[in-house]
Ligand code: AKB
């Protein structure tokens, strides 16, 4: 892996579900004095790092912080996720798009050398093939989050083609983690279920029992993020965003797996507005380009992920 320890790194949205764990790994790779955490509020997770209060919509302040810390790489994780975005579509569009423009423009002006920006399986829609969804296929997202991610992918590629910006991106599936809480997504049930299983041995799921979705355990997602950012530039052939395949399961299957550890665990189903979002997304992902181009391989399957979540949350 090609790690230049001289390059200073900024994580925007460092207090979120991905940010907290990415910060830990980047600290190991670069040393905590070379990694700066930015978010709208402080967090104990930033104890070892320089911290900046930052709203990514404020481009002047962003530039000031980039200059102050001599930042070379930016991981832009601040965004509104699918469920929250539906409650405030115009703000979601503004945050998800303008935040990206601010970072890409600073890269174009020569202040930043490398950008990471996460996309999502939400770029797909009801007209997309649901099983083994390919990298290149019909993309007609019906959520504001998905629309912003698809537009963002196109802008990332545009800045690469027109301005040579080294921007890299992954379409994350639903992410499952124990170190920090998910923030307003449709796949969040697959995290909440563990907390409730341990606390009350029961869970009311907001998706129906047979709603299969692409998912991934956070250690794999962090490794993918680090691997794509440290792969030689010529291996990154897709400058929109890469499909990333992990695990695929539905609420009934994860509940059955949890029952192997907590036999009297009970689950009830009460689908809400998030059901429609989930129904518009793929059920599993074909990531052959990702495997071929930069050697991606997922490791955690459902049983290992469930054991690890329960062990760590206990
Ligand atoms: C969400 O559910 O909104 C996210 C995602 C799949 O991008 N976890």
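Points worth noting:
- Among the residues of the range 156-193, those that are touching a strand residue (DSSP E or B) at 6+ places or on another chain (Cβ under 9 Å) and closer than 15 Å to residue 114 by Cα comprise 156, 157, 159, 160, 165, 166, 167, 168, 169, 170.
- Note on the range 30-79: residues that are under 11 Å from residue 14 (Cβ atoms) and part of a loop (DSSP other than H, G, I, E, B) amount to 8.
- Within the range 171-182, residues that are within 13 Å of residue 194 (Cα to Cα) reach partners that are surrounded by fewer than 21 Cβ atoms within 10 Å (Cβ to Cβ) with beta carbons closer than 6 Å, at six or more positions or on different chains, in the pairs 178/312; 178/313.
- Number of the condition not met by residue 273 [criteria: (1) within 20 Å of the chain's Cα centre (by Cα); (2) within 16 Å of the ligand (Cβ to nearest atom)]: (1)
- Of the candidates 151, 233, the single residue that is within 16 Å of the ligand (Cβ to nearest atom), within 23 Å of residue 101 (Cβ to Cβ) and more than 15 Å from the chain's Cα centre (by Cα) is 151.
- Matching residues in the range 224-251 - criterion: being assigned to a helix (DSSP H, G or I) and in contact (Cβ under 8 Å) with a residue 40 or more places away in the chain: 224, 225, 226, 227, 228, 229, 230, 233, 235, 251
- Matching residues in the range 183-207 - criterion: being in contact (Cβ under 8 Å) with a residue 40 or more places away in the chain, surrounded by fewer than 24 Cβ atoms within 10 Å (Cβ to Cβ) and away from the ligand (no atom under 16 Å from the Cβ): 195, 198, 201, 202, 203, 204
- Hits in the range 290-314 (condition: part of a helix (DSSP H, G or I) and within 22 Å of residue 243 (Cα to Cα)): 290, 291, 292, 293, 294, 302, 305
No lab work stands behind these numbers, since they all come straight from the coordinates. It should be emphasised that the depicted structure is a prediction, and the values quoted were computed from it without experimental measurement. Virtual Cβ from ideal backbone geometry, glycine too; neighbours counted across all protein chains shown.
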